[in-house]
Amino acid sequence: MNSKTVKTVKTVIAGFAALSMVGCSQQTASSGTVSTALTMTGSSQASTIAKYKIEHPWLNLFMPAAMALPAPAMTDASGANVTLSKAWVVVKEVELEMTEQVSSAEDDGAEDSIEFSGPFVVDLLSAAPTSFGVAEVPAGVYRRIKMKLEKDAVLPAEAPMGLAGNSIYFEATVAGNQLTYSADDGTEFKISGAGGINLGESSNVLMAIKLADLFKMIDLSGVTSNVNITSSNRVAGVNLCPLIDSSAQDLYTCFRKGLEAAGKLGKDDDGDCEIEEHEDEVED
């Protein structure tokens, strides 16, 4: 029998009682497990996740504790002005693991992990992050997160038309030219690091894509007219994103791999609904 400890959280979480266990406060672990709430957002800041304060803790049942700021005018690697207007991803599942690297034990299914199952349709420019729910996880230090992106036939009404049939969809203006990026195939990326997140108490775990960092690592100077970047129109170039992948030969690859490079995972230790420098985090 597979000995891997995997707990699945469905999109619909069982009632407000589960959510009320984890707000902007922590609870002591019991029976070797801790309640962990996972949310995903985008951040227009270079290395932070934006947040807002909620005066009454019970409002966390209806409002998440952190939010993403709409992306301002950013720049790419060449210094060209970039304004991002849409950034959506469809997440099939997320898995937190205690190991940083893939091991034979993990391949055999013996590695403890926790899985949040979707699909979750995430607007990275939303005023509030997307909740992936609450799960009881084994207490320990988590050093790796894997995320699977996959297109889904059912999308919310507010999702852009460009997300239909795709797992990733971006719309932006680059030096006055319209740019879209869409990925129609499933992909998996991970965020791992030696530091890790110590889940010894009930926690809010925040996962963010640092959008300003993503564009800053990609040279879009070759975009001189309106362009749709897709799996069939990859837009070739040279030295497009060396900080992401020095071997990348097209913008499609840069964006796809850049999501991993710009990813960050952290928790709110002190209950102020913000990831701070002194708090646990994992970052590629």
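Readers should treat all values here as calculations from the given coordinates under stated rules, not as data from a laboratory. Keep in mind it's a predicted model, so treat the numbers as computed, not measured. With ideal geometry, Cβ positions are generated from the backbone for all residues, glycine too; neighbour counts draw on all protein chains shown.
Can you give the net charge of the other residues whose Cβ lies under 10 Å from the Cβ of residue 120, counting K and R as +1 and D and E as -1? Result for the neighbourhood of residue 120: -1. Working note: Karplus 6.51/-1.76/1.60 with θ = phi - 60° gives the stretch 248-254 the couplings 4, 10, 7, 5, 4, 5, 4 Hz, where Gly and Pro are set to x. Listed peptides 250-262, 127-139 appear in the order 250-262, 127-139 once ranked by packing, highest mean of other Cβ atoms within 10 Å at the front. What net charge is computed for the residues neighbouring residue 239, neighbours being all others with C-beta under 14 Å from the C-beta of residue 239, Lys and Arg scored +1, Asp and Glu -1? Result for the neighbourhood of residue 239: -4. Under 5 Å between amide hydrogens, built in the peptide plane, is the criterion, and for residue 132 it picks out 38, 39, 40 among residues at least 5 positions away or on other chains.
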